[in-house]
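Report on the structure given below.
No value in this document is a laboratory result; all are computed from the given coordinates. Just so you know, these numbers come straight off a predicted model, no measurement behind them. Please note: Cβ atoms are built from the backbone with ideal geometry, for glycine as well, and neighbour counts cover all protein chains shown.
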Amino acid sequence: MFRLAALDKAKFIEPAGEPALVPPDSVSWRIFKNPVTLFIGGIAAVILELAEPAVRTGVWEHTDFRRDPVRRLERTGLAAMITVYAARSVAEPMIAGVVRMHGRVEGVTPAGEPYRANDPKLLRWVQATAAYGFIEAYRCYGRMLTPSEVDQAYAEGAPAAALYGAHDAPRSDAERQALFDSMRGRLEPSPILFEFLAIMRTAPIVPWPLRPVQWLLIRAAVELTPGWVRERLGLDAGFGLRRWQGPVVRLLGALADRVMLPFSPAVQSCRRLGLPAGTLYRRRGMG
């Protein structure tokens, strides 16, 4: 989902010295450096997004996901990386462009409900599910986060979420939980979800060294989804992790958290700010 080949280094290493929307000592900078947990969290977020009928219709009818899932996910991954790591002068125009693009997306769900992509309620759900996916994937499969660090990660993402139009995005895990609970009557199953999972199993999305375990990471994403949501969507135990698979995914996530990739957005952004390339890979302060 976040293949380095798809990332433009210049978007992260320039302008020299310019801060990002999120500071380098943040929890978010640690979370987003891990490509394994980002993939898992991104899939979990999409599962939750596709459970909401208006978001599902917008994604399926107004994007090229079915025709070119790799390109679509690469664009989404690049946007996420720019939001967290890139200089403000790079991130803010990119976000404004996304908002303008969403302003042209509207339609009617199969049930006859009109929707707009820039509807604040839909934006709140999309931002909350993305934050949940990335934070929980890192906490479960990367490195432990304390409850205060989880809350800090949600709070760190709220200002950028507001730029996207989600002005009331959750600022803590409690706020996220309250939002999820409020959606219990709204989320629903759909064949589109299972089509999405089938695409994810076969599309060449992850870097080639991880291709043999791509299916395992997708199972981990399903496992990350709250149990009541899985039940609502018809994702039974056959879609989740087997008992022996959880430790394998955690090992992959832990290894990815320790391997410094020189051309990754995390490393390039540290260099932009004059920080050592390995700043985010030091054990001190890593939970």
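Quick look at the values:
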| quantity | calculated |
| --- | --- |
| In segment 75-181, trypsin sites (Lys or Arg not before Pro) in a DSSP loop with at most 10 other beta-carbon atoms within 10 Å | Arg104 |
| Directionally averaged projected area (convex hull, Cα atoms, segment 158-208), nm² | 5.9 |
| Given charges at Cβ of Lys, Arg, Asp, Glu: the chain dipole, positive-most of Leu193, Pro262, Gly133 | Pro262 |
| Approximate shape of segment 140-287 as ellipsoid semi-axes (Cα gyration tensor, √5λ), whole Å, largest first | 28, 24, 16 |
| Length-normalised contact order for the chain - Cα pairs under 8 Å, 6+ apart - percent | 31 |
| Where labels lie 7 Å past Cα in the beta-carbon direction, separation of Trp60 and Ala254 in nm | 4.0 |
| Equivalent ellipsoid semi-axes, segment 22-80, via Cα gyration tensor eigenvalues times 5, rooted, Å | 25, 13, 10 |
| Loop-resident sites, segment 203-287, for trypsin sites (Lys or Arg not before Pro), counting at most 16 other Cβ within 10 Å (DSSP) | Arg242, Arg243, Arg282, Arg283, Arg284 |
| Per-residue [θ]222 nm for the chain (sum of -39500 (n - 2.57) over DSSP H runs n ≥ 4, rounded to 500) | -18500 deg cm²/dmol |
| Residue with peak Gaussian network fluctuation, the chain [Cα springs, cutoff 10 Å], from Ala137, Ala174, Ala79 | Ala174 |
| Efficiency of FRET from Cβ geometry, Trp244 and Asp168, R₀ 41 Å, rounded to 0.05 | 0.50 |
| Charged-residue dipole, Cβ positions (Lys, Arg, Asp, Glu), the chain about Cα centre, Debye nearest 20 | 920 |
| Cβ-Cβ FRET estimate between Arg71 and Lys121, R0 fixed at 25 Å, reported to 0.05 | 0.30 |
| Which of Trp208, Trp228 has the fewest Cβ neighbours within 10 Å, and the rest in rising order | Trp208, Trp228 |
| For segment 68-211, with +1 on Lys and Arg beta carbons and -1 on Asp and Glu, the positive-most of Tyr164, Ser148, Ala91 along the dipole | Ala91 |
| Whole-Hz ³J(HN,Hα) from phi, Karplus 6.51 cos²θ - 1.76 cosθ + 1.60, for segment 152-168, glycine and proline x | 4, 4, 4, 5, 4, x, 5, x, 5, 4, 5, 5, 6, x, 8, 6, 10 |
| Dipole magnitude of segment 162-287 about its Cα centre (Cβ charges: Lys, Arg +1; Asp, Glu -1), debye to nearest 20 | 660 |
| Fewest-first ranking of Ser264, Ser269, Ser148, Ser172, using other Cβ atoms within 10 Å as the exposure measure | Ser148, Ser172, Ser264, Ser269 |
| Electrostatic dipole magnitude of segment 122-185 [Cβ: Lys, Arg +1; Asp, Glu -1; Cα centre; debye, to 20] | 140 |
| Positive-end extreme of charge dipole, the chain - chosen from Thr57, Ala203, Ile47 (charges on Cβ) | Ala203 |
| Rg/Rh for segment 1-112, where both radii come from Cα atoms and Rh is the Kirkwood radius | 1.00 |
| Residue order, fewest to most beta carbons within 10 Å, for Val46, Val229 | Val229, Val46 |
| Contour minus Cα-Cα distance for Trp208 and Val99 (0.36 nm per residue) | 36.0 nm |
